[in-house]
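The values are calculated or read from the model by the stated rules, or taken from the named source; none is laboratory data. None of the values given here were measured: they were computed from a predicted structure. In this analysis, Cβ positions are derived from the backbone assuming ideal geometry, glycine residues included, and neighbour counts consider all displayed protein chains. Ligands, DNA and RNA are excluded from the accessible area calculation, which covers all protein heavy atoms including side chains. Shrake-Rupley method; radii C 1.70, N 1.55, O 1.52, S 1.80 Å.
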Amino acid sequence: MNSVFQPAFLHNKHAFVTGGSSGICLAVAQQFAAFGAAVSILGRSPEKIERALPSLGPAAHGYPADVRSFDAVASALKAAHDASGEIDILICGAAGNFPASALGMSANGFKAVIDIDVLGTFNTCRAAYEYLPKPGAAIINISAAQAFRAMAYQSHVCAAKAGVDMLTRTLAIEWGPAGIRVNSVTPGAVDGTEGVRRLAPDEESRKAWMAKTALGRFASTGDIAALCLFLASPAASYITGAILVCDGGLSLA
Ligand code: COA
(Lines give C-alpha, C1' and ligand atoms only; values in the text may rest on other atoms or scores of the structure.)
Protein backbone atom coordinates (compact mmCIF):
# COMPACT_ATOMS: atom_id res chain seq x y z
CA MET A 1 0.00 0.00 0.00
CA ASN A 2 1.24 3.48 -0.84
CA SER A 3 1.43 5.74 2.20
CA VAL A 4 1.51 9.50 1.83
CA PHE A 5 3.78 9.64 4.86
CA GLN A 6 6.95 8.60 3.06
CA PRO A 7 10.16 10.19 4.32
CA ALA A 8 10.54 13.49 2.50
CA PHE A 9 6.93 13.52 1.24
CA LEU A 10 7.04 17.27 1.81
CA HIS A 11 10.16 17.67 -0.31
CA ASN A 12 9.78 20.81 -2.49
CA LYS A 13 7.02 22.09 -0.22
CA HIS A 14 7.29 25.33 1.73
CA ALA A 15 5.66 25.68 5.16
CA PHE A 16 5.29 29.11 6.79
CA VAL A 17 4.61 28.92 10.53
CA THR A 18 3.67 31.90 12.72
CA GLY A 19 4.58 31.38 16.35
CA GLY A 20 7.06 28.83 15.05
CA SER A 21 9.96 29.79 17.28
CA SER A 22 8.69 28.00 20.39
CA GLY A 23 6.07 25.71 21.88
CA ILE A 24 3.53 23.85 19.79
CA CYS A 25 4.39 25.59 16.56
CA LEU A 26 8.13 24.95 16.87
CA ALA A 27 7.27 21.24 17.08
CA VAL A 28 5.02 21.66 14.05
CA ALA A 29 7.83 23.38 12.13
CA GLN A 30 10.27 20.63 13.16
CA GLN A 31 7.82 17.96 12.02
CA PHE A 32 7.42 19.57 8.59
CA ALA A 33 11.20 20.01 8.28
CA ALA A 34 11.72 16.33 9.20
CA PHE A 35 9.51 15.33 6.28
CA GLY A 36 11.49 17.49 3.86
CA ALA A 37 9.71 20.85 3.76
CA ALA A 38 11.52 24.17 3.60
CA VAL A 39 10.30 25.91 6.72
CA SER A 40 9.87 29.62 7.42
CA ILE A 41 9.07 30.73 10.94
CA LEU A 42 7.70 34.06 12.12
CA GLY A 43 7.79 35.27 15.70
CA ARG A 44 8.12 38.43 17.71
CA SER A 45 11.50 37.65 19.26
CA PRO A 46 14.59 37.56 17.01
CA GLU A 47 16.49 35.75 19.79
CA LYS A 48 13.93 32.93 19.97
CA ILE A 49 13.99 32.62 16.18
CA GLU A 50 17.79 32.34 16.19
CA ARG A 51 17.60 29.63 18.85
CA ALA A 52 14.96 27.67 16.88
CA LEU A 53 16.47 27.80 13.39
CA PRO A 54 19.24 25.18 13.87
CA SER A 55 16.56 22.56 14.61
CA LEU A 56 14.75 23.25 11.34
CA GLY A 57 17.30 22.20 8.76
CA PRO A 58 19.42 24.07 6.23
CA ALA A 59 16.46 25.42 4.22
CA ALA A 60 14.86 27.21 7.18
CA HIS A 61 14.48 30.97 7.46
CA GLY A 62 13.23 33.16 10.29
CA TYR A 63 11.26 36.40 10.10
CA PRO A 64 10.83 38.58 13.20
CA ALA A 65 7.44 40.31 13.08
CA ASP A 66 4.33 40.95 15.15
CA VAL A 67 1.22 39.40 13.57
CA ARG A 68 -0.82 42.37 14.81
CA SER A 69 0.81 44.47 12.07
CA PHE A 70 -0.51 43.65 8.60
CA ASP A 71 2.43 45.39 6.94
CA ALA A 72 4.99 43.50 9.03
CA VAL A 73 3.38 40.14 8.24
CA ALA A 74 3.02 41.01 4.56
CA SER A 75 6.73 41.93 4.33
CA ALA A 76 7.74 38.70 6.05
CA LEU A 77 5.55 36.63 3.71
CA LYS A 78 6.98 38.37 0.66
CA ALA A 79 10.54 37.75 1.87
CA ALA A 80 9.71 34.10 2.57
CA HIS A 81 8.17 33.74 -0.88
CA ASP A 82 11.23 35.32 -2.49
CA ALA A 83 13.55 32.99 -0.55
CA SER A 84 11.66 29.70 -0.61
CA GLY A 85 8.86 29.95 -3.18
CA GLU A 86 5.10 29.51 -3.00
CA ILE A 87 3.71 28.81 0.45
CA ASP A 88 2.13 25.36 0.26
CA ILE A 89 1.33 25.11 3.95
CA LEU A 90 0.43 28.07 6.17
CA ILE A 91 0.23 27.51 9.92
CA CYS A 92 -1.24 30.39 11.94
CA GLY A 93 -0.14 29.64 15.46
CA ALA A 94 0.95 32.94 17.00
CA ALA A 95 -1.20 33.43 20.10
CA GLY A 96 -1.31 35.22 23.42
CA ASN A 97 -2.59 34.07 26.77
CA PHE A 98 -2.49 34.94 30.44
CA PRO A 99 -4.84 33.84 33.17
CA ALA A 100 -7.00 36.73 34.38
CA SER A 101 -10.62 37.22 35.31
CA ALA A 102 -12.64 39.64 33.19
CA LEU A 103 -12.55 42.09 36.08
CA GLY A 104 -8.83 41.46 36.49
CA MET A 105 -7.84 42.66 33.04
CA SER A 106 -8.00 46.00 31.29
CA ALA A 107 -9.66 46.54 27.93
CA ASN A 108 -6.16 46.68 26.51
CA GLY A 109 -5.32 43.27 27.99
CA PHE A 110 -8.44 41.78 26.35
CA LYS A 111 -7.59 43.54 23.09
CA ALA A 112 -4.00 42.26 23.12
CA VAL A 113 -5.16 38.65 22.91
CA ILE A 114 -7.96 39.36 20.42
CA ASP A 115 -5.49 41.23 18.23
CA ILE A 116 -2.79 38.55 18.34
CA ASP A 117 -5.17 35.61 17.82
CA VAL A 118 -8.00 36.87 15.59
CA LEU A 119 -6.53 39.86 13.77
CA GLY A 120 -3.15 38.12 13.56
CA THR A 121 -4.70 35.06 11.94
CA PHE A 122 -6.65 37.25 9.51
CA ASN A 123 -3.56 39.32 8.69
CA THR A 124 -1.50 36.20 8.00
CA CYS A 125 -4.11 34.48 5.83
CA ARG A 126 -5.01 37.68 3.98
CA ALA A 127 -1.39 38.64 3.27
CA ALA A 128 -0.42 35.07 2.33
CA TYR A 129 -3.24 34.57 -0.18
CA GLU A 130 -1.26 35.81 -3.18
CA TYR A 131 1.61 33.43 -2.38
CA LEU A 132 -0.51 30.28 -1.95
CA PRO A 133 -0.67 27.71 -4.75
CA LYS A 134 -4.24 27.54 -6.09
CA PRO A 135 -5.19 24.74 -6.05
CA GLY A 136 -3.21 22.89 -3.43
CA ALA A 137 -2.51 25.12 -0.43
CA ALA A 138 -3.38 24.04 3.09
CA ILE A 139 -3.98 26.56 5.88
CA ILE A 140 -4.04 25.34 9.46
CA ASN A 141 -5.13 27.72 12.21
CA ILE A 142 -4.19 26.74 15.74
CA SER A 143 -7.25 27.12 17.95
CA ALA A 144 -7.91 25.86 21.50
CA ALA A 145 -10.57 24.06 23.51
CA GLN A 146 -11.51 27.51 24.87
CA ALA A 147 -13.24 28.11 21.51
CA PHE A 148 -16.19 26.00 22.63
CA ARG A 149 -15.60 25.31 26.31
CA ALA A 150 -16.13 28.32 28.54
CA MET A 151 -13.36 28.68 31.11
CA ALA A 152 -13.04 31.15 33.96
CA TYR A 153 -10.01 33.45 33.70
CA GLN A 154 -10.01 32.91 29.93
CA SER A 155 -12.68 35.29 28.58
CA HIS A 156 -10.20 36.86 26.15
CA VAL A 157 -8.93 33.49 24.89
CA CYS A 158 -12.43 31.94 24.68
CA ALA A 159 -13.64 34.89 22.58
CA ALA A 160 -10.48 34.94 20.48
CA LYS A 161 -10.33 31.24 19.67
CA ALA A 162 -14.06 31.10 18.85
CA GLY A 163 -13.29 33.93 16.43
CA VAL A 164 -10.38 32.02 14.94
CA ASP A 165 -12.60 28.99 14.32
CA MET A 166 -15.24 31.07 12.55
CA LEU A 167 -12.53 32.66 10.45
CA THR A 168 -11.39 29.14 9.52
CA ARG A 169 -14.89 28.15 8.48
CA THR A 170 -15.54 31.34 6.55
CA LEU A 171 -12.25 31.24 4.66
CA ALA A 172 -12.90 27.58 3.87
CA ILE A 173 -16.08 28.63 2.06
CA GLU A 174 -14.57 31.66 0.33
CA TRP A 175 -11.27 30.05 -0.70
CA GLY A 176 -12.40 26.47 -1.30
CA PRO A 177 -13.27 27.17 -4.94
CA ALA A 178 -9.65 28.28 -5.47
CA GLY A 179 -8.49 24.91 -4.13
CA ILE A 180 -7.30 26.17 -0.74
CA ARG A 181 -8.19 24.09 2.31
CA VAL A 182 -8.57 25.86 5.66
CA ASN A 183 -8.84 23.94 8.92
CA SER A 184 -8.45 24.53 12.65
CA VAL A 185 -6.54 22.31 15.03
CA THR A 186 -7.72 22.42 18.63
CA PRO A 187 -5.16 21.42 21.23
CA GLY A 188 -6.09 21.04 24.89
CA ALA A 189 -3.34 21.39 27.48
CA VAL A 190 0.03 20.83 25.83
CA ASP A 191 3.00 20.16 28.09
CA GLY A 192 6.12 22.25 27.85
CA THR A 193 4.39 25.29 26.37
CA GLU A 194 4.20 28.86 27.62
CA GLY A 195 0.40 28.47 27.79
CA VAL A 196 0.52 25.51 30.19
CA ARG A 197 3.31 27.09 32.24
CA ARG A 198 0.94 30.02 32.80
CA LEU A 199 -2.29 28.07 33.27
CA ALA A 200 -0.84 25.23 35.37
CA PRO A 201 2.20 26.66 37.13
CA ASP A 202 2.39 24.13 40.01
CA GLU A 203 1.90 20.42 40.66
CA GLU A 204 -1.56 20.91 42.14
CA SER A 205 -2.92 22.76 39.11
CA ARG A 206 -1.24 20.26 36.75
CA LYS A 207 -3.09 17.44 38.53
CA ALA A 208 -6.36 19.37 38.27
CA TRP A 209 -5.90 19.76 34.49
CA MET A 210 -5.08 16.07 34.07
CA ALA A 211 -8.15 15.12 36.10
CA LYS A 212 -10.29 17.13 33.64
CA THR A 213 -8.76 15.29 30.67
CA ALA A 214 -10.24 11.91 29.72
CA LEU A 215 -6.88 10.46 28.70
CA GLY A 216 -5.39 11.63 32.01
CA ARG A 217 -2.32 13.30 30.57
CA PHE A 218 -1.21 16.45 28.87
CA ALA A 219 -0.61 16.40 25.13
CA SER A 220 2.92 16.50 23.86
CA THR A 221 3.75 19.08 21.21
CA GLY A 222 4.34 16.09 18.92
CA ASP A 223 0.67 15.05 19.26
CA ILE A 224 -0.37 18.36 17.72
CA ALA A 225 2.39 18.33 15.11
CA ALA A 226 1.24 14.89 13.92
CA LEU A 227 -2.28 16.19 13.33
CA CYS A 228 -0.94 19.18 11.40
CA LEU A 229 1.16 16.84 9.28
CA PHE A 230 -1.94 14.81 8.44
CA LEU A 231 -3.94 17.94 7.58
CA ALA A 232 -1.20 19.15 5.25
CA SER A 233 -0.96 15.78 3.50
CA PRO A 234 -2.87 14.44 0.51
CA ALA A 235 -4.65 12.12 2.99
CA ALA A 236 -6.65 15.18 4.06
CA SER A 237 -7.36 16.47 0.56
CA TYR A 238 -11.15 16.46 1.10
CA ILE A 239 -11.08 18.04 4.55
CA THR A 240 -11.80 21.74 4.80
CA GLY A 241 -13.57 23.97 7.30
CA ALA A 242 -13.06 21.33 9.98
CA ILE A 243 -12.26 22.01 13.62
CA LEU A 244 -10.11 19.02 14.52
CA VAL A 245 -9.95 18.49 18.26
CA CYS A 246 -6.79 16.96 19.71
CA ASP A 247 -7.31 17.49 23.44
CA GLY A 248 -7.34 14.06 25.05
CA GLY A 249 -11.05 14.53 25.81
CA LEU A 250 -10.63 17.79 27.76
CA SER A 251 -13.54 19.47 26.00
CA LEU A 252 -15.93 16.55 26.69
CA ALA A 253 -16.09 17.06 30.45
N1 COA B 1 -3.15 39.88 33.84
C2 COA B 1 -3.86 40.97 33.46
N3 COA B 1 -3.49 41.76 32.42
C4 COA B 1 -2.36 41.44 31.74
C5 COA B 1 -1.58 40.31 32.08
C6 COA B 1 -2.01 39.51 33.19
N7 COA B 1 -1.33 38.43 33.58
N8 COA B 1 -0.53 40.24 31.20
C9 COA B 1 -0.66 41.27 30.35
N10 COA B 1 -1.77 41.99 30.68
C11 COA B 1 -2.22 43.21 30.02
C12 COA B 1 -1.26 44.35 30.29
O13 COA B 1 -1.45 44.91 31.58
C14 COA B 1 -1.62 45.31 29.17
O15 COA B 1 -2.75 46.08 29.46
P16 COA B 1 -2.62 47.62 29.99
O17 COA B 1 -1.90 48.37 28.89
O18 COA B 1 -4.03 48.07 30.18
O19 COA B 1 -1.83 47.56 31.26
C20 COA B 1 -1.99 44.38 28.02
O21 COA B 1 -2.23 43.09 28.61
C22 COA B 1 -0.89 44.24 27.03
O23 COA B 1 0.27 43.91 27.74
P24 COA B 1 1.74 43.98 27.10
O25 COA B 1 2.75 43.69 28.16
O26 COA B 1 1.88 45.25 26.31
O27 COA B 1 1.76 42.71 26.21
P28 COA B 1 1.73 42.51 24.68
O29 COA B 1 0.91 43.50 23.93
O30 COA B 1 3.12 42.34 24.28
O31 COA B 1 0.87 41.16 24.56
C32 COA B 1 0.55 39.13 25.94
C33 COA B 1 1.36 39.91 24.94
C34 COA B 1 -0.23 40.08 26.81
C35 COA B 1 -0.43 38.18 25.28
C36 COA B 1 1.54 38.37 26.79
O37 COA B 1 0.91 37.72 27.81
C38 COA B 1 2.40 37.38 26.02
O39 COA B 1 3.21 37.75 25.20
N40 COA B 1 2.29 36.09 26.30
C41 COA B 1 3.21 35.09 25.72
C42 COA B 1 2.61 34.38 24.64
C43 COA B 1 1.78 33.24 25.13
O44 COA B 1 1.21 33.30 26.20
N45 COA B 1 1.71 32.21 24.34
C46 COA B 1 0.92 31.08 24.66
C47 COA B 1 -0.35 31.11 23.88
S48 COA B 1 -1.40 29.78 24.37
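Listing for the model above:
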{"quantity": "Among Leu119, Leu199, Val73 the positive-end extreme of the charge dipole of segment 14-242 (Cβ point charges)", "calculated": "Leu199"}
{"quantity": "Table column - 3J(HN,Hα) (Hz), segment 59-64, Karplus curve with 6.51, -1.76, 1.60, x for Gly and Pro", "calculated": "8, 7, 10, x, 9, x"}
{"quantity": "Amide H contacts under 5 Å for Val182, placed H, 5+ residues apart", "calculated": "Ile139, Gly241"}
{"quantity": "Gained length - Ala226 relative to Ala79, 0.36 nm times residue gap less alpha-carbon distance", "calculated": "50.2 nm"}
{"quantity": "Fraction of alpha-carbon pairs over 19 Å apart in segment 105-200 - percent", "calculated": "45 percent"}
{"quantity": "Extension gain, Asp191 back to Ala152 (0.36 nm per residue minus Cα-Cα distance, nm)", "calculated": "12.0 nm"}
{"quantity": "Summed side-chain charge close to Ile114 - residues other than Ile114 whose Cβ falls under 12 Å, Lys, Arg +1, Asp, Glu -1", "calculated": "+1"}
{"quantity": "Full-stretch length increase - Ala208, Gln6 - with 0.36 nm per residue and alpha-carbon distance subtracted", "calculated": "68.8 nm"}
{"quantity": "Computed FRET value (nearest 0.05) for Leu215 with Ser106, which takes r as the C-beta separation and R₀ as 45 Å", "calculated": "0.80"}
{"quantity": "Summed side-chain charge close to Thr213 - residues other than Thr213 whose Cβ falls under 15 Å, Lys, Arg +1, Asp, Glu -1", "calculated": "+2"}
{"quantity": "DSSP bridge pairs, the chain: antiparallel proportion in percent, nearest 5", "calculated": "0 percent"}
{"quantity": "Hz values of 3J(HN,Hα) by residue in segment 158-170 - Karplus curve (6.51, -1.76, 1.60), Gly and Pro given as x", "calculated": "4, 5, 5, 6, 4, x, 4, 5, 5, 5, 3, 5, 5"}
{"quantity": "Segment 14-242: relative contact order in percent, alpha carbon pairs under 8 Å with at least 6 residues between", "calculated": "21 percent"}
{"quantity": "Among Ala200, Ala160, Ala172: highest mean-square fluctuation, GNM of the chain, C-alpha pairs under 10 Å", "calculated": "Ala200"}
{"quantity": "Long-range HN-HN contacts of Gly96 with modeled amide H, under 5 Å", "calculated": "Asp117"}
{"quantity": "Estimated dipole of the chain in Debye, rounded to 20 [Cβ of Lys and Arg +1, of Asp and Glu -1, Cα centre]", "calculated": "300 debye"}
{"quantity": "Pairwise label distance in nanometres, Ser237 with Lys134, each label 7 Å out on the Cα-Cβ vector", "calculated": "2.0 nm"}
{"quantity": "Where Thr168, Thr240 fall by accessible area, highest first, once all protein chains stay in place (1.4 Å)", "calculated": "Thr240, Thr168"}
{"quantity": "Sequence-distant residues sharing a close amide H with Ile41 (under 5 Å, placed H)", "calculated": "Val17, His61, Gly62, Tyr63"}
{"quantity": "Accessible solvent surface per residue of segment 14-242, calculated while the other protein chains remain in place, 1.4 angstrom probe, Å²", "calculated": "42 Å²"}
{"quantity": "Shape category assigned to segment 44-86 from the gyration tensor of Cα positions, a/c cut at 1.5", "calculated": "oblate"}
{"quantity": "Global geometry of segment 3-78, whether rounded, prolate or oblate, following the gyration tensor of its Cα atoms and the 1.5 cut on a/c", "calculated": "prolate"}
